[in-house]
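The values are calculated or read from the model by the stated rules, or taken from the named source; none is laboratory data. Here the structure is a predicted model, which is why all the values come from computation and not from measurement. Here Cβ is always computed from backbone atoms with ideal geometry, including for glycine, and neighbour counts include all displayed protein chains. These accessible areas exclude ligands, DNA and RNA; they are computed on the full protein's heavy atoms, side chains included. Shrake-Rupley method; radii C 1.70, N 1.55, O 1.52, S 1.80 Å.
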2 protein chains.
Amino acid sequence: MGGDFAPAREIEGAIQAIRQSDGRFEVILVGDSAVITAELHRHGAADLFPPVVHASQVISMEDSPTAALKAKKDSSLAVAMRLHQAGGAQACVSAGNTGAVLSAATLILGRVKGVSRPTIGTFIPAEDGVCLLVDAGTNVDCRARHLYEFAVMGSIYFRRIRNTPNPTVALLNVGEERTKGTETVLEAYQLLEKSGLNFVGNVEGRDILKARADVVVCDGFVGNIVLKFGESVPGFLKARLRRFADGGLLSKLATGIARWPLKVSLGDLDPNLEGGVPVLGVNGVAIIGHGTSTATGIKNMILRAADVIAGGLNTHIEAALATPPGAEESR
Amino acid sequence: MGGDFAPAREIEGAIQAIRQSDGRFEVILVGDSAVITAELHRHGAADLFPPVVHASQVISMEDSPTAALKAKKDSSLAVAMRLHQAGGAQACVSAGNTGAVLSAATLILGRVKGVSRPTIGTFIPAEDGVCLLVDAGTNVDCRARHLYEFAVMGSIYFRRIRNTPNPTVALLNVGEERTKGTETVLEAYQLLEKSGLNFVGNVEGRDILKARADVVVCDGFVGNIVLKFGESVPGFLKARLRRFADGGLLSKLATGIARWPLKVSLGDLDPNLEGGVPVLGVNGVAIIGHGTSTATGIKNMILRAADVIAGGLNTHIEAALATPPGAEESR
């Protein structure tokens, strides 16, 4: 109920997901049952779903995450996450308040053994392929150990979701040399070097869009800033082209034609293609979607949840973090 | 002598600068006098310059900055910087090894009183106008006081070079709220709030290309990564369009037409337009250019040096840092 266009797009997306599911999964809708039921009837789709689970409250985009979770025990998010925690669902997906979904996942599901900080990674479309940037904004102040854990979780996520047996992992840094970077990053380099991961060293800001590594590790401060900068590029391009088009008839014509190659070439920058990102390191499967998700975005978020469930990430994360980096060799 | 195409482009750019100078300045060439003199004769331009100052050594792009400065006392960079320090020139410009120029400026010129960390800021073209990102990669590990100094120096630089009486200053962060960010950034927020600067609070990664503030302050780790990411965007776009063009004759045609609006719209992303960036906070005027500068880039770097000399930045920086942030009010 907390998304910007909830519950209309949520329900439309859920219907699309069910129709694509081949019976692999069911979707339980959680929220104001009167509103949801009416919307389902409008689509003639009530029989596609199990009974709606009622929740009387909504956490808004403006709510402070932890305060809202305390105050609104009967919010659709809290009810859905508890349903998942109790085993009534194998995953919980939401396009609501990001911080609240993250807090609900961490507080209600708890952390996987060995994980000190749950994290979020986002796939960034590159010239060729994609690159997973992790942490994408969850943890702003990080120690080396946290970066190491992000690398482990990111690597496992990439392996399972992108079917890559041994994804390359790199540290986002200001130079390729191992002597570069902040004290935290220098220390993380040493941990990663000793780890069993396919660590390829440092990459720079310019290497992200080239996908020089499958998984690029950074703290959430850098991750958030790079991601948001990247998200602003299409808008920048549009604004510049609009100004050029204003220059006359010929400019307008050329810009009109340019829209076709640009639209196709940059089509995969649409966040709705990914749908949502899992909270890595919590005891369960919690997927966070964009607040402005389209129905397709919601559908893809649900399909991503099914993939993550099938990937069994958490067993692998727990196993990987059970041994300290380097311990494999010293045994 | 240390640029990627030195001394050919350096000399070509210097000739262009002299021809545009209206007698406002002279350019002294420092380096291998035989090579430089031959190149000047090739251009028939020897009489445009005062005698070449000979330097027998060159710091290469691969040299470690501080080690090279120690070992190569007679490098063109060291000789030129000492010439400036001794008063034989009012500025020193170089498209050589960035770290070495930075070190030479700091070690040979010394710091302006009140400055703990010299810094570099870079203008980033925005949808409309530009934004100065400071620190652009000089200081990776920063405390709040350093960010405050970057803000002061960036603000003065923006004011003098862009003729903006009271530039807006913002802190690059993961959210607009004052409670967001790392501990260092939270502390820097308080210092900036108390300062006499036109501080407008936090901006996010997406606000840079919108120039939501004239001066955007961050540590050099974040600054370097965001800048290099941004610099990789045109290459990403080109690679994607090339792939689209391979799709057939019509795709090739549309992409060919698209090149015109794109080239005009993104023309100001060429770093040669800015030419070079000053090292802010050193006792003198040292300008660092891109190693791959074109002759136009070298010309603009020299013109930028003339602007910075005329702006008298250092007196303003020293005065601004003489009073601690907030002291103006408490008196």
**Request:** Would you mind working out the magnitude of the charge dipole of region A:122-279 relative to its Cα centre, with +1 at each Lys and Arg C-beta and -1 at each Asp and Glu C-beta, to the nearest 20 Debye?
**Result:** 600
**Prompt:** Based solely on its DSSP helices, what 222 nm [θ] is calculated for the protein assembly as shown when runs of n ≥ 4 H residues each add -39,500 (n - 2.57) and the sum is averaged over all residues, nearest 500 deg cm²/dmol?
**Reply:** -14500 deg cm²/dmol
**Message:** Suppose accessible area is computed on protein heavy atoms with a 1.4 Å probe; arrange B:Tyr189, B:Tyr157 from highest to lowest.
**Reply:** B:Tyr189, B:Tyr157
**Message:** Along the charge dipole of the protein assembly as shown, pointing to its positive end and built from +1/-1 on Cβ of Lys, Arg, Asp and Glu, which listed residue (B:Met61, A:Ala67, B:Val233) has its Cα farthest out?
**Reply:** B:Val233
**Request:** Pick out, from B:Leu171, B:Ala211, A:Leu171, the residue whose Cα sits farthest towards the positive end of the charge dipole of the protein assembly as shown, with +1 on the Cβ of Lys and Arg and -1 on the Cβ of Asp and Glu.
**Result:** B:Ala211
**Cut-off 19 Å (backbone N to label point 7 Å along Cα→Cβ of B:Thr315), residues of region B:147-169** = B:153-166
**Message:** Distance cut-off 28 Å, Cα to Cα: go down the list B:Lys113/B:Lys299; A:Lys210/B:Lys263; B:Lys73/B:Lys228; B:Lys252/B:Lys299; A:Lys263/B:Lys210; B:Lys194/B:Lys228 and report the pairs above it.
**Reply:** B:Lys113/B:Lys299; B:Lys73/B:Lys228; B:Lys252/B:Lys299; B:Lys194/B:Lys228
**Message:** Pick from B:His84, B:His41, B:His54 the residue whose mean-square fluctuation is largest in a GNM of chain B, springs joining Cα atoms under 10 Å.
**Reply:** B:His41
**Asked** Any idea how far the Cα center of region B:264-331 sits from the one of region B:85-113, in Å?
**Response** 13
**Asked** How far apart, in nm, are the 7 Å Cα→Cβ label points at A:Asp268 and B:Asn166?
**Response** 4.9
**Asked** In terms of the Cα gyration tensor, with a ≥ b ≥ c the square roots of its eigenvalues, is chain B rounded because a/c is under 1.5, prolate because a/b exceeds b/c, or oblate?
**Response** oblate
**Complete:** Taking a ≥ b ≥ c as the square roots of the eigenvalues of the Cα gyration tensor, with a/c under 1.5 meaning rounded and otherwise prolate when a/b exceeds b/c and oblate if not, the protein assembly as shown is prolate
**Message:** Loop only by DSSP, 16 or fewer other Cβ within 10 Å of the Cβ. Give me the trypsin sites (Lys or Arg not before Pro) in region B:76-149 that pass, ordered by residue number.
**Reply:** B:Lys113, B:Arg143
**Request:** Could you please state how large a percent of the accessible area of the protein assembly as shown is carbon and sulfur, counting protein chains only and using a 1.4 Å probe?
**Result:** 51
**Item:** Alpha-carbon centroid distance for the pair region A:1-56 / region A:196-226, whole angstrom
**Value:** 37
**Request:** Treat each spin label as a single point 7 Å out from the Cα along the C-beta direction, and report the A:Val130 to B:Asp22 distance in nm.
**Result:** 5.6
**Asked** Computed FRET efficiency, Cβ-Cβ of B:Asp74 and B:Ala239, R0 45 Å: what is it to the nearest 0.05?
**Response** 0.55
**Item:** Residue closest to axis [chain A; rotation mapping onto B; Cβ; Å]
**Value:** A:Ala258, 2
**Request:** Would you check the accessible area of A:Glu10, probe 1.4 Å, heavy atoms only, in square angstrom rounded to 10?
**Result:** 40
**Request:** Please identify the helices of chain B, taking whole runs of DSSP H, that span at least 18 Å along their own axis as judged from the Cα atoms and have a mean Kyte-Doolittle score of 0.5 or higher.
**Result:** B:249-265, B:295-311
**Message:** I want to check the label-to-label distance for A:Ala34 and B:His43. Put each point 7 Å from Cα in the C-beta direction and report it in nm to one decimal.
**Reply:** 8.1
**Complete:** In region B:29-135, the GluC sites (Glu not before Pro) that sit in a DSSP loop and have at most 15 other Cβ atoms within 10 Å of their own Cβ are B:Glu62
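Between A:Gln90 and B:Ala67, how high is the FRET efficiency from 1/(1 + (r/R0)^6) when r is the Cβ-Cβ distance and R₀ = 45 Å? Nearest 0.05.
0.20
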**Request:** Could you work out the per residue convex hull volume over the alpha carbons of region B:125-270, in cubic angstrom?
**Result:** 115
